[in-house]
Amino acid sequence: MIENSRVQKILYGGDYNPEQWPEETWAEDMRLLKLAHIDVVTLNVFSWASLQSDDDVYHFEKLDKIMNMVRDNGMKVCLATATGAHPAWMARKYPDILRTEFNGMKRKFGSRHNSCPNSPTYFKFAKALATKLAERYKDYDNIVAWHISNEFGGECYCENCEKKFREWLKAKYKTIDAVNQAWDTAFWGHTFYDFDDIVAPNMLSEHFEYNRTTFQGISLDYKRFNSESILNCFRLEYDVIHEITPEIPITTNLMGTYQPLDYQMWAKYMDFISWDNYPSNDAPLEDIALRHDLMRGLKQGKPFALMEQTPSVTNWLPYNALKRPGVMRLWSYQAVAHGADTVMFFQMKRSIGACEKYHGAVIDHAGHENTRVFREITALGAELDKIGSLTLGARTESKAAIVFDWDNWWATDFSAGPSVNLHYCDEIFNYYKVFNNLNIPVDFISVEDDLSKYDLVVAPVLYMVKPGYDEKIRTFVKEGGRFVTTFFSGYVDDHDLVTIGGYPGKLRDILGIWVEEEDALPEDAANSFTYDGTNYPATLICDLLHTEGAEALCSYEKDFYAGMPVLTRNHFGKGEAYYVATRSNAEFYRTFIGEICKEAGIKPIINTPDCIEVTKRANANGTFLFFLNHADESQNITLNCDGVDILSGTTYKTGDILLLAAKDVVILQVK
């Protein structure tokens with residue numbers, strides 16, 4: 001949530017780039033945006049080149065005009081710092097600012113995400129620009145947030161970064177002997193004698209593919225280093241802006257399940273979470289919902305800002321299909337349903353050149369209001385005006401949680417087995433989909449978060465168990481919690497060194513099992529098992545395990561390990577710990593997790609078909625149930641509560657039939 005007295009409703013708007021257009025067109029832009037109920041614009045995202053033409057030469061005249069025009073037209077501003085793409089003169093004059101790619105190629109000026117995160121030049125000029133912007137516009141009372149850079153990303157392997165990596169390692173490990181031990185460099189005679197022996201792990205050194213490395217410990221630490229390096233770029237600007245305008249919250253736009261940056265670490269330094277939602281044309285509704293919930297979880301459930309989405313069409317997919325009528329509204333409300341307090345777009349006006357000229361916009365190339373997209377945008381804006389502040393700050397209370405950890409994601413990808421088809425986010429999705437389809441609220445949590453408020457915690461592929469996390473799980477289960485984990489869990493510590501003594505390592509006593517081997521199945525192969533009278537496939541990985549106090553709930557039915565347990569339950573203290581030794585299908589996960597939720601007293605908000613998504617948010621104004629129909633046909637829902645639809649004003653009673661049209665949304669304020 002943008003916690004700011006200047007925000008009185010769900011902010012509606014997005015990226016606006018008037019500097020790309022003649023000034024005589026600006027007045028018409030303002031007319032159209034106000035007609036569409038746009039009340040906030042993100043300004044100055046990519047203006048560094050126009051703001052600074054040499055070391056100490058700045059030009060704010062045009063931005064002054066834009067800022068004044070927007071304020072005079074009654075709009076709020078999310079003010080960006082323009083550091084997402086450095087100017088050409090800077091690259092020519094100071095080539096240390098340019099990134100080096102994973103393959104060792106030194107970049108030239110061009111594109112974006114092209115600044116080295118450890119470049120002294122970048123630090124110097126980014127800090128100076130952020131300072132000048134904050135000082136110049138600090139008294140504008142319509143600035144609701146600062147937007148640092150744009151979609152931070154881009155790993156770098158240049159000499160700057162290599163030197164900083166060595167410094168980072170010295171600070172972390174103190175001695176070269178500790179580094180050698182953490183990375184197990186005795187293997188392949190890889191011992192380092194001095195920190196200067198260490199080079200950046202890429203295609204010139206440790207890697208033979210992007211996610212395949214000969215030394216996981218080195219590559220894992222470089223992932224951490226890169227994420228922290230780029231975070232330092234954010235913090236550099238954050239600190240100077242916060243000092244000058246402490247009352248204005250500061251953010252940057254994240255990108256959902258973006259693998260290179262540890263957003264859980266980043267969240268600690270952001271005033272609020274914002275992110276850009278660009279699902280593929282065929283993305284399942286649960287896939288979109290997962291990313292919203294993941295972003296909400298970064299701040300322990302606080303509302304977030306939807307900073308970008310397309311009004312109609314993207315331009316970078318192989319087939320850039322239009323959002324069908326109603327989908328823009330549906331997906332906007334889906335974000336709000338999962339915790340967004342803003343609905344914002346890229347972009348307000350289509351550019352006439354370069355790579356995003358065919359990306360959707362509120363104002364099309366036609367330049368007028370007589371388009372389908374503009375009519376849909378306007379209608380949604382009117383609805384958001386009607387909602388006003390009703391849902392602002394509303395939270396989602398959950399009794400179930402899914403553990404998500406970037407270190408674990410990186411380590412799993414680097415793991416050198418057991419299967420190239422094992423993908424961390426896929427396994428997370430398999431379990432998340434159950435909660436979404438059953439309309440059971442679920443939080444995403446990090447390994448640092450408290451478990452005590454949950455009744456059920458699911459940790460798919462908890463490959464890496466960080467120091468102390470096993471004890472946190474142990475306490476949770478002993479005190480009555482239910483814990484579920486899966487194959488390829490408990491194998492390594494935070495250095496990606498195997499915990500000896502048998503898998504699943506430090507989780508072994510909690511789960512009451514010992515995993516002796518794992519069998520990786522090709523895509524066209526499957527084992528099977530029968531659970532609750534139904535036969536299910538066992539695919540991808542099949543763990544061969546022995547019980548050590550746990551109860552075997554079902555067993556494999558094929559191959560030499562037929563009869564060995566595939567699903568176990570261990571009574572541990574007052575609680576229970578489950579182990580799922582294979583990947584199965586959606587029907588199994590729904591049955592299995594559904595039964596555990598029922599036993600734990602975790603109830604659905606309401607029972608609906610899977611195409612109907614229902615979420616709950618609550619604040620001082622009451623409880624709000626969001627009903628979203630993702631189907632192409634109408635659906636009937638028998639209501640289990642009284643309420644008033646805040647969009648239509650219709651009153652409903654318990655037992656009434658809610659007829660929800662295709663792609664339609666109803667938001668009930670529950671009595």
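The Cα atoms of the range 159-220 give a gyration tensor whose axes a ≥ b ≥ c have a/c of 1.5 or more with a/b no greater than b/c, which makes the shape oblate. Given R0 = 60 Å, the distance between the Cβ atoms of Glu587 and Lys268 translates into a calculated FRET efficiency of 0.95.
In this structure, the amide hydrogen of Ala340, modeled 1.01 Å from its nitrogen in the peptide plane, lies closer than 5 angstrom to those of Phe304, counting only residues at least 5 positions away or on a different chain. Here the dipole of the chain is about 1580 debye; that uses its Cα centre as origin and unit charges on the Cβ of Lys and Arg (positive) and Asp and Glu (negative). Dividing the helix sum by the residues of the chain, where each DSSP H run of 4 or more adds -39500 (n - 2.57), gives a mean residue ellipticity at 222 nm of -9000 deg cm²/dmol. Taking a point 7 Å from the Cα of Asp559 along the Cα-to-Cβ direction, the residues of the range 415-436 with backbone N closer than 13 Å to it are 418-419.
Shown for Ile606, Ile473: other C-beta atoms within 10 Å of each C-beta, ranked fewest to most, produce the order Ile606, Ile473. Please compute the contact order of the range 521-671 in relative form: average sequence separation of alpha-carbon pairs under 8 Å and at least six residues apart, divided by the residue count, as a percent. Relative contact order of the range 521-671: 15 percent.
When each of Ser398, Ser205 is scored by the number of other beta-carbon atoms lying within 10 Å, the sequence from fewest to most is Ser205, Ser398. Peptides 585-594, 403-412, 521-530 ranked from most to least packed by the mean count of surrounding Cβ atoms within 10 Å: 403-412, 585-594, 521-530. Under 1.5 on a/c is rounded, so check that first for the range 597-648, then, if it is not, pick prolate when a/b is larger than b/c and oblate when it is not; a ≥ b ≥ c are the square roots of the alpha carbon gyration tensor eigenvalues. Oblate. For the range 585-671, the normalised intensity computed at q = 0.10, 0.13, 0.17, 0.19 Å⁻¹ comes to -0.29, -0.48, -0.78, -0.92 (log10 of I(q)/I(0), Debye sum over alpha carbons, equal scatterers, no solvent).
Report the extension gain between Ala618 and Glu23 in nm, rounded to one decimal, defined as 0.36 nm multiplied by the number of residues separating them, less their alpha carbon distance. Residue separation times 0.36 nm, minus the Cα-Cα distance, leaves 209.8 nm. Overall shape: rounded for the range 400-600, with the ratio a/c of the largest to smallest alpha carbon gyration tensor axis below 1.5. Exposure proxy ranking for Cys554, Cys542, Cys597, Cys355, based on other Cβ atoms within 10 angstrom of each Cβ and starting from the fewest, stands as Cys355, Cys554, Cys597, Cys542. Think of the range 533-671 as having a plus end and a minus end, set by charges on the Cβ of Lys, Arg, Asp and Glu; of Tyr652, Ile602, Phe560, Tyr652 sits farthest toward the positive end of this dipole.
Candidates His630, Tyr579, His359 compared by Cα position along the dipole of the chain: farthest toward the positive end lies His359, with charges placed on Cβ. Computed over the chain, the P(r) tail beyond 45 angstrom holds 24 percent of alpha carbon pairs. Overall, the range 159-220 carries a charge dipole of about 240 debye about its Cα centre when +1 sits on the Cβ of Lys and Arg and -1 on the Cβ of Asp and Glu, all other atoms neutral. Contact order, relative form, for the chain: 11 percent (alpha carbon pairs under 8 Å, 6 or more residues apart, mean separation divided by residue count). Here the Karplus curve 6.51 cos²θ - 1.76 cosθ + 1.60, taken at θ = phi - 60°, turns the phi angles of the range 105-114 into couplings of 6, 7, 6, 9, 4, x, 6, 8, 6, 10 Hz, with x standing for Gly and Pro.
Peptide packing: for 34-40, 254-260, the average count of neighbouring Cβ atoms within 10 Å per residue gives the ranking 34-40, 254-260, highest mean first.
In terms of packing, defined here as the mean over residues of other Cβ atoms within 10 angstrom, the peptides 41-49, 613-621 line up highest first as 41-49, 613-621. Each part gets one Cα centre, and for the range 195-262 versus the range 48-109 those centres are 21 Å apart. Positive-end ranking of Leu294, Asn640, Ile10 along the dipole of the chain, with charges on Cβ about the Cα centre, is headed by Ile10.
Taking a point 7 Å from the Cα of Val420 along the Cα-to-Cβ direction, the residues of the range 186-209 with backbone N closer than 16 Å to it are 208-209.
Annotation: lysines with alpha-carbon distance below 29 angstrom to Lys172 (same-chain offsets under eight excluded): Lys106, Lys124, Lys127, Lys163, Lys164, Lys223, Lys268, Lys299, Lys466, Lys472, Lys506.
Every number in this text was worked out from the coordinates using simple rules, so none of it is lab data. What you see is a predicted model; the values in this text were computed from it and never measured. Methodologically, a virtual Cβ is constructed for each residue, glycine included, from the backbone with ideal geometry; neighbour enumeration extends over all protein chains shown.
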